[in-house]
Amino acid sequence: MSEKREYTLVDHKEPYRYDDNGLHVTRGSAWSGPGCHLGCGVLMYTDDDGKLVKVEGDPENPFNQGRLCCRCLALPEVVYHEDRVLHPMKRAREDRGKDKWERISWDEAYEMVTSRFLEIKEKYGPECIAFYSGTGRDIGQYITRLAWGFGSPNFVFAMSGQSCYSPRVAGCFSNTGAFWLGDYSQQFADRYDDPRWECPEYVVVWGNNPLVSNSDGLYGHWVIDVMKRGAKLIVIDPRLTWLGAKSEQFLQVRPGTDAALALGMINFIIEEDLYDHEFVDLWCYGFEELAERAKEYPLDYVEEVTWIPRDKIERAARSIAQAKNAILQWGVAIDQTKETIPTAQALLSLFEITGHMDKPGAMVPPPSILYYAGGWGEEFLTPEQKAKLIGLKEYPLIQMGFQEAVTDEYIKALETGEPYRFRAAWMQTTNPLVCTGVDPKRSLAAQNNLEFIVYVDLFMTPTAMALADVFLPACTYPERDGIRIGDGMQRGETINKVIEPLGESKSDMEICLEVGKRIAPEAWPWETVEDMFSSILEETGYDFEEMQKIAPAYMPFEYHQHEKGLLRSDGQVGFGTPTGRIELWSNFYNTCDLDPLPYFEEPSPGPVSTPELLDEYPLVLTTGARIWSMFHSEHRQIPHLRALHPDAIIQVNPKTCREYGVKHGDWVWVENQRGRCKRRVIETPVVEERVCSTDHAWWLPEAPAEMEDGLYGMWDLDVGNLIEYKCGKSGFGANYKTLLCKIYKVEEGE
């Protein structure tokens with residue numbers, strides 16, 4: 001065991017297991033499955049019969065300080081739901097799309113997977129098997145190791161342009177050598193009481209609804225916490241969210257025009273001489289070039305493009321520039337624009353030239369903890385195999401993200417067999433047909449070309465029903481152990497088993513370990529998952545059993561790391577870039593034949609780029625609005641959660657409703673030149689008259705399951721019907737947020 005690092009520990013009043021009023025309490029972390037990105041501290045209560053009775057927030061956990069959302073509170077409903085799949089199953093390939101499953105043993109399941117995977121590896125090469133992960137949480141790292149240990153570089157997110165988190169990660173690392181998060185004191189065990197922390201003067205919530213989405217390891221209510229301590233909000237969003245209504249300044253931007261807005265603000269700040277001269281002179285490269293590019297975005301033009309009055313843009317830009325410290329709280333709306341890379345570059349440049357980097361209450365780099373968090377097992381890929389990653393040749397920038405295959409190129413490869421034919425897939429923590437994927441009919445046809453598909457989940461889903469040949473049942477998190485170290489300000493946290501697995505379900509980690517030992521034993525040397533967890537935790541100086549008792553454990557953190565040589569591998573001051581500075585003009589983009597400076601490209605289709613479509617499709621549609629009670633395509637069958645949001649909805653301005661002859665509660669078709677989907681109208685002034693907003697990932701577990709009967713209603717409800725595969729110039733980004741549409745009533749009988 002290595003020497004223990006100087007972690008800050010929480011002074012717990014109770015051990016991690018104790019009794020309270022006749023119930024047994026276990027301290028742990030809620031990550032997956034079910035769950036979201038956060039890993040909130042929870043107290044799980046079980047009775048003498050070993051049944052999970054209730055879940056409460058852990059008031060001693062600094063992360064969420066006892067607060068929980070409805071999804072955590074409804075955990076027992078998930079664990080004991082009658083629709084959970086609790087036994088391994090198989091069916092014949094010709095029965096895909098039919099509910100013709102046969103129960104099998106784990107030994108038979110493992111034998112089927114092992115024999116097919118090793119046969120394909122021997123005949124065609126390991127790259128011919130794709131390993132899918134959705135929003136992986138504490139599971140994604142095991143899937144990458146399963147892929148890379150086997151020799152396949154093709155880790156697949158199954159989303160056009162990998163349009164979730166990865167683009168901002170790639171952009172930040174390309175131009176600064178680190179990722180950047182808002183400083184809400186989340187890196188300190190004593191949080192807001194830590195004397196080193198300062199409250200931000202402004203939080204700029206841009207393309208994000210953090211109270212609901214909780215992106216990038218952010219617990220959304222931290223925004224409210226800092227508001228209570230004096231922070232002011234600037235909210236930039238096509239919808240007036242709750243935070244927008246509480247903000248000092250609300251800028252209602254046209255979807256997909258964020259880059260133009262940021263560049264207009266940059267131009268104004270430079271013209272008014274409001275930028276941070278000292279920080280720019282010492283730590284930024286390419287300022288003159290950025291200033292020249294920004295001149296192309298005068299505010300009169302930006303006002304016309306974004307639909308935001310010029311005086312509001314000026315006021316927001318001045319507030320950001322003159323603030324002592326400010327946070328950019330951005331979200332996937334930035335990723336889900338086709339030219340996401342220059343958009344993210346523009347937004348971050350705004351905060352870089354105003355000096356809101358690497359200091360208290362501003363943008364800070366998360367501490368590095370456990371190499372496995374960003375990809376685990378890469379050492380098993382040879383350079384020859386790495387070069388076979390689908391999309392790398394066309395889009396070299398993707399190596400700066402999570403090293404995922406470019407989904408758009410992957411779909412083409414499934415259809416054409418070029419550059420090689422895919423034979424099989426492993427799908428875990430993913431439901432791509434109805435969630436991340438677009439153009440579901442094309443997606444289904446392409447993936448049906450795979451000869452063998454293994455699927456791991458808690459419940460039957462549209463993707464599993466349509467495509468899987470083998471179904472492996474996974475545990476919920478109270479049924480297994482785990483470690484929570486991932487996105488955001490990383491900390492040592494454990495997920496602790498409190499009940500025995502239902503049926504024959506197994507933890508995702510155990511499934512990966514047991515399959516990995518069979519198909520790539522050199523990459524999976526551990527006998528038990530506990531041994532594996534201890535190996536992962538080794539660099540912390542604690543084993544898994546020790547971490548269970550002390551978690552959460554906070555690693556050391558410092559501000560002004562660029563001045564102390566803490567951001568570069570060579571120990572020199574500066575940033576981890578070729579120039580040692582923040583690159584406003586990007587050398588890496590330049591080597592990838594991309595524009596080294598940020599720019600704005602009109603979203604297409606759109607009211608400016610495709611005016612010929614406006615007569616038929618006059619409304620701008622933005623998709624993917626988050627839901628309090630559901631996480632992407634999860635939780636649709638959970639009674640208390642579904643009751644909070646029973647239907648797929650579209651938010652429409654009251655004036656627009658009157659114009660189109662629809663009213664609150666009506667079912668409408670939302671249609672564009674690619675397809676249509678059903679939505680129930682929510683009549684609300686939070687969206688502008690020219691804009692509609694809808695949620696995503698809809699399917700109905702109670703609807704007929706088989707393909708010929710509608711595949712759980714997804715063909716009528718999937719907003720992906722309206723979206724095409726078309727990524728940005730970098731391989732990152734796609735227009736999930738910027739479509740055109742029309743709405744009209746669903747007729748009786750439809």
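The values are calculated or read from the model by the stated rules, or taken from the named source; none is laboratory data. Source: prediction; values computed, not measured. No Cβ is skipped: glycine too gets one built from the backbone with ideal geometry, and neighbour counts run over all protein chains shown. These accessible areas exclude ligands, DNA and RNA; they are computed on the full protein's heavy atoms, side chains included. Shrake-Rupley method; radii C 1.70, N 1.55, O 1.52, S 1.80 Å.
Report, by residue number, each residue of segment 116-135 that is open to solvent by 50 Å² or more (accessible area, probe 1.4 Å) and either over 33 Å from the mean Cα position of the chain (by Cα) or not charged (D, E, K, R) (or both).
Within segment 116-135, Leu118, Glu119, Glu122, Lys123, Tyr124 meet the criteria.
Out of Ser215, Ser247, which single residue is surrounded by 18 or more Cβ atoms within 10 Å (Cβ to Cβ) and free of Cβ contacts under 8 Å to residues at least 60 places away in the same chain?
Ser247
Inside segment 378-398, can you point out the residues that are among the polar types (S, T, N, Q) and surrounded by 14 or more Cβ atoms within 10 Å (Cβ to Cβ)?
Result: Gln385, single match.
Scan segment 104-114 and give yes if some residue there is open to solvent by 30 Å² or more (accessible area, probe 1.4 Å) and in contact with a Leu (Cβ under 7 Å, 6 or more places away or on another chain), otherwise no.
The answer is no, given that none of the residues of segment 104-114 is open to solvent by 30 Å² or more (accessible area, probe 1.4 Å) and in contact with a Leu (Cβ under 7 Å, 6 or more places away or on another chain).
Filter segment 226-249 for residues that are assigned to a loop (DSSP other than H, G, I, E, B) and small (Gly, Ala, Ser); which is farthest from Gly733 (Cα to Cα)?
If we take residues in segment 226-249 being assigned to a loop (DSSP other than H, G, I, E, B) and small (Gly, Ala, Ser), then Gly230 is farthest from Gly733 (Cα to Cα).
Is it true that Phe157 is under 30 Å from Glu724 (Cβ atoms), open to solvent by 10 Å² or more (accessible area, probe 1.4 Å), touching a helix residue (DSSP H, G or I) at 6+ places or on another chain (Cβ under 7 Å) and in contact (Cβ under 8 Å) with a residue 24 or more places away in the chain?
Considered against the rule, which asks whether it is under 30 Å from Glu724 (Cβ atoms), open to solvent by 10 Å² or more (accessible area, probe 1.4 Å), touching a helix residue (DSSP H, G or I) at 6+ places or on another chain (Cβ under 7 Å) and in contact (Cβ under 8 Å) with a residue 24 or more places away in the chain, Phe157 comes out as yes.
Quick check on this structure: which one of Glu724, Glu689 is closer than 22 Å to Asp258 by Cα, without any contact (Cβ under 8 Å) to a residue 40 or more places away in the chain and in a loop (DSSP other than H, G, I, E, B)?
Glu689
A quick yes/no check of all residues on (1) open to solvent by less than 10 Å² (accessible area, probe 1.4 Å); (2) out of contact with any strand residue (DSSP E or B) (no Cβ under 7 Å at 6 or more places or on another chain); (3) under 17 Å from Glu94 (Cβ atoms); (4) not in a strand (DSSP E or B):
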| site | (1), (2), (3), (4) |
| --- | --- |
| Ala446 | yes, yes, no, yes |
| Ile453 | yes, no, yes, no |
| Ala464 | yes, no, yes, yes |
| Ile485 | yes, no, no, yes |
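Looking only at segment 232-241, decide whether some residue is open to solvent by less than 10 Å² (accessible area, probe 1.4 Å) and more than 30 Å from Cys40 (Cβ to Cβ).
Taking every residue of segment 232-241 in turn, none turns out to be open to solvent by less than 10 Å² (accessible area, probe 1.4 Å) and more than 30 Å from Cys40 (Cβ to Cβ).
Rundown of residues vs (1) modelled with pLDDT of 95 or more; (2) under 21 Å from Val332 (Cβ atoms); (3) open to solvent by less than 20 Å² (accessible area, probe 1.4 Å); (4) not hydroxyl-bearing (Ser, Thr, Tyr), yes/no style:
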{"position": "Lys678", "(1), (2), (3), (4)": "yes, no, no, yes"}
{"position": "Val687", "(1), (2), (3), (4)": "yes, yes, yes, yes"}
{"position": "Glu702", "(1), (2), (3), (4)": "yes, no, no, yes"}
{"position": "Leu711", "(1), (2), (3), (4)": "yes, no, yes, yes"}
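Looking at segment 571-584, is at least one residue of a type in the set (Phe, Trp, Tyr) and either at pLDDT below 95 or open to solvent by 20 Å² or more (accessible area, probe 1.4 Å) (or both)?
No, every residue in segment 571-584 fails to be of a type in the set (Phe, Trp, Tyr) and either at pLDDT below 95 or open to solvent by 20 Å² or more (accessible area, probe 1.4 Å) (or both).
Out of the residues in segment 630-653 that are surrounded by fewer than 19 Cβ atoms within 10 Å (Cβ to Cβ) and assigned to a loop (DSSP other than H, G, I, E, B), state the one that is nearest to the chain's Cα centre (by Cα).
Here the answer is His645.
Pick from segment 83-112 the residues that are touching a Phe, Trp or Tyr at 6+ places or on another chain (Cβ under 8 Å) and of a type outside the set (D, E, K, R): which of them is farthest from Val456 (Cα to Cα)?
Trp101
Residues Val668, Val608: which one is among the aliphatic types (A, V, I, L, M) and part of a loop (DSSP other than H, G, I, E, B)?
Going through Val668, Val608 in turn, just one is among the aliphatic types (A, V, I, L, M) and part of a loop (DSSP other than H, G, I, E, B): Val608.
So is Leu472 of a type outside the set (Val, Ile, Thr), in a loop (DSSP other than H, G, I, E, B) and open to solvent by less than 10 Å² (accessible area, probe 1.4 Å) or not?
When the stated conditions are applied, Leu472 does not pass them.
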